[in-house]
Structure formats: structure tokens, C-alpha cells
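Here is the structure we will look at.
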Amino acid sequence: YQSQYQSQSQSQYRNNSHCNKPSPPPIRLQSLLSTAFAPSSIPPLASPSSSSSLLPSPNSSHPTNPPHPLLHSSRRLLTKSTSWIYQALPILAPSSYGAGLFHQLHALSLRRIQTLRRHPLTLLLHFAASLVMALAVGAIYYDTGYDTAGIQCRFGALFFILLFLALLPLSSLPLWRDEALLLKRERAAGVYGSAAYFLSVLLFDVLPLRAAPPVLFSLFSYGLIGLRPGLEPWTRNLQTLVLSSVTFASLNMAIGAAMEDVAAANMAASLTVLGSSLLGGFLLSRSHMPLFAKMGATISPFRYAFEALVLTEFEGATGFRFTAFHPPGLSPDQIPHIDVTGDEVLQTFGFELGAWGSDVQKLVLIGAVLMAATYLLIRRSGGPGVGGGN
């Protein structure tokens, strides 16, 4: 019985041996991307020594067709042109990831566009919050005057707008943690590099979520508040708001990339924004700051953004007045007052005249440093290094 069982087992194994074939090796994502994104490579021309192996054998039934001279020269010209393009623009050349930076960025951008189309709630919430707050601020500070109360309202409205745009980018904190596992897996598989991933985040997080809300806010609130009329003051105001929003978004992204715990990152970013607003020049007069506060204000993006906003509003303007205490019910002409210019208002509160350009440059510098720090933190988080076009 035992011998009969062994013979049956051996025969059954021989019959089923065709089912135990080894599984094919897995296809790497690198090969898929290199096939999908890399430019069509032209095979090199065969050398004279190896050309005989490419010719059909004498016993072959297929006739020998020599390559056409025009086709031969076209292939050589296309090969040289491709090499020249890659030498002139190394960013387009295939890298160790199987595709150049441009092709990696294109693929990641398409994926982020699909993500925004499938999950538009975050984008809609940013736009809705900006629109609602712009209308609310415009209604609260509607038609601000030029007396002492009007000057205070102008300072308060600009400060609140800037504070709102500084707190809005707190949604960037969990950005890296949500995609950390996906980034490490795809980068370790050689799909793309850190540079392409970081640029795609800047294009589809900073531009739509950080640059668009200030534009929407300024369009609806600037005229309602009654800020300085004219195209140039409005353009400067909008430019300052966009730069400040992008700078605070860079700050939050750097904090989110440096800290693994989202709750701790949220607390650190909130405290940083509040501390920066304290040194902005509205809650604490610039002329009465202690020495350590002045040193901290030199690295505060809120200080440069708020100073640029108030310089745009008051510098070179006229028609303001400091009013004294008066009983209610008096007409504006009967109220004791002193006529002042916008420059005198700025000097009273300790702001530096003619510093709008330097304030904007410092905002750009702070934002660039924070973005560079964020990129280095993402690159250090693991995976292959970034070299060449990656």
C-alpha cells in the first residue's frame, strides 16, 4: 500500500509540474516611468565589427535589404540632436530615476490635478472662508474716516487681514505627514526624486491655496473699507498680501516637515505666528520696543508685511487729522483737531518712511530661506539622494 501511494504521488507530481512554474519578476515602477516618460531613444548604429552578426545567415530564406542611405543619415542626425538637447538642457535628460525632472513634474502635476478634482473641499473652504471674512471685514470697517478713529480703524483692518492670511496656511502642516509613506515608497522605488515632488507641491498647494485667497480678499474688502484709492496703492497692497501669505505658508511647511507630530507642529506654528504678530508694530509700538524685542522683530515676517501695508496706505497721503476729546453730537468742523499728513502718522507710530521696497525684498528672502529649509528636510527624510535632474 505504501509503494502504491508513493507511485501515485509521483505520477500526480509529474502531471502537475507544469503548474509550478516560477512567477515572473515584478515590474519596477522605474521601468514603467522610463517607458512612459523617457524620450524615444534611437538604438546606436552597429559597428563594422558587429554588423555581420546583424545580417541574416546565408541559409536564411529572407532576402537581404540594405538600409536606405536617407534613413541611415536621419537616424544619425536624430541621435546627435537628442544628445545636444540633453547637453544644453540637462534637466530634460533621463536620470537615475528613468525620467528627467520635467517629466517627473509633469506626472506628479497630473496626479495632483486629479486629486484636486476628486477632493475639492479644501480648495472650496479656503475660497469660501476668504470671501466670507472679506465681506465681514468690509462691513465692520465700512467707509473708514480720516480722523483719529479712522486712522485707528485703518491700522486695525490691515492688521486683522494680515493675521487672517497668516493663520490660514496652518492647513499646510499635515501635508508632509499625510503623504510621507507614499513619498518614501515611490522615491525608494525610483519613480521620482525629492525635487520633482517638492515643486509639484509648490505649484498645486502654494499657488491655488496661498496666492488666490489674498486676491479674493483684496477684491472684496479694499473698496468697502475705504482704503487709499488708486490702482498703484491697491496693486502694492495686493502684492504685499500675496507675499505675506506665501511666506507664512513656507513657515508652516518648514515646521510641518521638521516635526513628526501634527499636534506639536500645530502648536509650534500657532505660537510662531502669534509671536511674530506681537512684534509687527501694531500691538507694540516700534518706538517703545525693548532691545530683545527689536532683535526678534528683525526676523519676523509679520513686521515687514505690516510695515509694507501701512506704508502703502499712509506714505505720501494727506487729509488726516488728530482729533481731541469732544462731547458727542458736534459737527466735524466744531471738533478740535490738528491736520496731519500720512508721513506724520507713520512717524508718530515709529514706522520708517521709504522702506516699502526693502520690506518686500526681506519678505521674499525669508520665504525663499524657509522653502529651501523645507526642501532640505524633505530630502533628508529618506530615500535616494537628489542628484542631477532630481
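The values are calculated or read from the model by the stated rules, or taken from the named source; none is laboratory data. Quantities reported herein were computed from a predicted structural model and do not represent experimental measurements. Neighbour counts are summed over all protein chains in view; Cβ atoms, including those assigned to glycine, are modelled from backbone coordinates with ideal geometry. The accessibility values were calculated without ligands, DNA or RNA, using every heavy atom of the protein model including side chains. Shrake-Rupley method; radii C 1.70, N 1.55, O 1.52, S 1.80 Å.
Annotations for the structure displayed:
- If only residues of segment 224-243 that are touching a helix residue (DSSP H, G or I) at 6+ places or on another chain (Cβ under 8 Å) and open to solvent by 40 Å² or more (accessible area, probe 1.4 Å) are counted, the one that is farthest from Y141 (Cα to Cα) is L243.
- Of residues in segment 187-201 being within 16 Å of A107 (Cβ to Cβ) and among the aliphatic types (A, V, I, L, M), the one nearest to the chain's Cα centre (by Cα): V201
- First in segment 256-272 and on the phi < 0 side of the Ramachandran plot, second anywhere and open to solvent by 60 Å² or more (accessible area, probe 1.4 Å) and of a type outside the set (D, E, K, R), Cβ under 7 Å, 6 or more apart: A265/M259; A268/M259
- Boolean, A263 is of a type outside the set (K, R) and open to solvent by less than 50 Å² (accessible area, probe 1.4 Å): no
- Any hit, segment 206-221, residues being within 24 Å of R117 (Cα to Cα), open to solvent by 20 Å² or more (accessible area, probe 1.4 Å) and aromatic (F, W, Y): no
- Wholly within segment 273-390, helices (runs of 4 or more DSSP H) carrying at least 1 residues that are open to solvent by 50 Å² or more (accessible area, probe 1.4 Å) and either among the hydroxyl-bearing types (S, T, Y) or modelled with pLDDT of 85 or more (or both): 291-297, 342-348, 356-380
- Number of the condition not met by L183 [criteria: (1) open to solvent by 40 Å² or more (accessible area, probe 1.4 Å); (2) over 30 Å from Y222 (Cβ atoms)]: (1)
- Screening I140, I113 for residues that are farther than 30 Å from E179 by Cβ and not small (G, A, S) leaves exactly one candidate, I140.
- Qualifying positions in segment 121-179 - more than 24 Å from A269 (Cα to Cα), of a type in the set (S, T, N, Q) and either modelled with pLDDT of 95 or more or loosely packed, with under 15 Cβ neighbours inside 10 Å (or both): Q152
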